[in-house]
Amino acid sequence: MLTNTFVLYLSTVLIWGSTFIAIPLQLGEVPGDVSIAYRFGLSALVLMFWCSLTRRNMRFGFRQHLWMAGQGLMLFGFNYMLVYQASADITSGLIAVVFSTIIVMNIINGALFFGNRVPRAVIAGAALGLVGICLVFLPEVRALDADGTTLRAIILSLVGTFITSFGNMLSARNQSSKLPVMQSNAYGMAYGALTLALIAWGRGEAFVFETTWTYTGSLVYLALVGSVLGFGSFLTLLGRIGPERAAYCMVLFPIVALALSTVFENYTWTAEAVAGVSLVLAGNLLVIVPRQQLLRVLRIFRPAVSRHAK
């Protein structure tokens, strides 16, 4: 059980840390909404084929479909509309750092929807995280253009993150109601893809396809690895250990994303960025790690700090 949980955790960190670098490759000739519809439409087809192959039950009632549709719109629809728009203006690593604030959002939403108590550490963690994000974005904020493109991208990322957190609550509710993860994802991705396709059609966007290796390869990677495997791993983990603890993987995947952004997007680390990421990670750890364990760690390092000060 512990080994399986660790595998799910590690898979989520590595997969989602890498998907942020693939999303910008979807931006270009194909409109963002259409690319998202392609991505989750392909993911839904793969999952439904697998469910059929493994003879899983695909019959659910109307109310169950409504809950799966809600999960799909939040996790595989509206949130990605905003993330894809933000990806056009800021690097993938920076979006991943913003997305890590979902760890605080999950705990706050858990209190609102499930009555979980919000400890004081959450408030302190949120404060550290917000200060950290401001530091990470400081160079971009200093160079804001007249129309505030970077600021708009930051806001889009934060709103998209909150929608994702709400989707996590719906997934936790669905799993507690015995809706299986794989089937819920299959239908949820189908509903999300259909909704995005209808929005794109309503906007008059062209349903074109870019036949380059870059676009096709990133689409297949996002659909099969990022969506089918990534969401399958995370939502299984969420149902097993709860949304608050499952969100702990968000502490690490911004580091994966920023590392890849450094290599592929020429992201430049500044002193502010290092300090900001450190504060974001510290805030997330403060939220997740039990108070007694934090105090124990501080006691271990206190003698060394005192000797250094002398």
Q. Among the hydroxyl-bearing types (Ser, Thr, Tyr), over 22 Å from the mean Cα position of the chain (by Cα) and either surrounded by 20 or more Cβ atoms within 10 Å (Cβ to Cβ) or not in a helix (DSSP H, G or I) (or both) - does that describe any residue in the range 69-82?
A. no
(Q) Checking THR54 against (1) among the β-branched types (Val, Ile, Thr); (2) crowded, with 22+ Cβ neighbours inside 10 Å; (3) free of Cβ contacts under 8 Å to residues at least 40 places away in the same chain: exactly one of these is not met. Which one? (A) (2)
**Q.** Residue tally, condition farther than 16 Å from VAL98 by Cα and β-branched (Val, Ile, Thr), over the range 266-284
**A.** 2
Q: Give the residue that is modelled with the highest pLDDT, with candidates limited to residues of the range 39-65 that are of a type in the set (D, E, K, R) and more than 20 Å from PHE78 (Cα to Cα).
A: ARG63
Q | Unique match (being modelled with pLDDT under 90 and among the hydrophobic types (A, V, I, L, M, F, W, C)) among ALA146, ALA206 | A | ALA146
Q. So which residues in the range 242-260 are surrounded by 23 or more Cβ atoms within 10 Å (Cβ to Cβ) and either outside any helix (DSSP H, G or I) or at pLDDT 75 or above (or both), if there are any at all?
A. ALA257, LEU258
Q.
Can you find a residue that is over 30 Å from LYS178 (Cα atoms), modelled with pLDDT of 65 or more and of a type in the set (Gly, Ala, Ser) anywhere in the range 283-299?
A. yes
Q | Residue pairs meeting the criteria (Cβ under 6 Å; at least 6 apart or on separate chains; first without any contact (Cβ under 8 Å) to a residue 12 or more places away in the chain, in the range 84-109; second surrounded by fewer than 24 Cβ atoms within 10 Å (Cβ to Cβ) and among the acidic types (Asp, Glu)) | A | none
Q.
Please pick out the residue among ILE154, ILE163, ILE133 that is within 19 Å of the chain's Cα centre (by Cα), touching a residue at least 24 places away in the same chain (Cβ under 8 Å) and closer than 22 Å to GLY230 by Cα.
A. ILE163
Q) Of the residues that make up the range 161-182, is at least one in a helix (DSSP H, G or I), in contact with a Pro (Cβ under 6 Å, 6 or more places away or on another chain) and at pLDDT 80 or above? A) yes
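The values are calculated or read from the model by the stated rules, or taken from the named source; none is laboratory data. Source: prediction; values computed, not measured. Please note: Cβ atoms are built from the backbone with ideal geometry, for glycine as well, and neighbour counts cover all protein chains shown.
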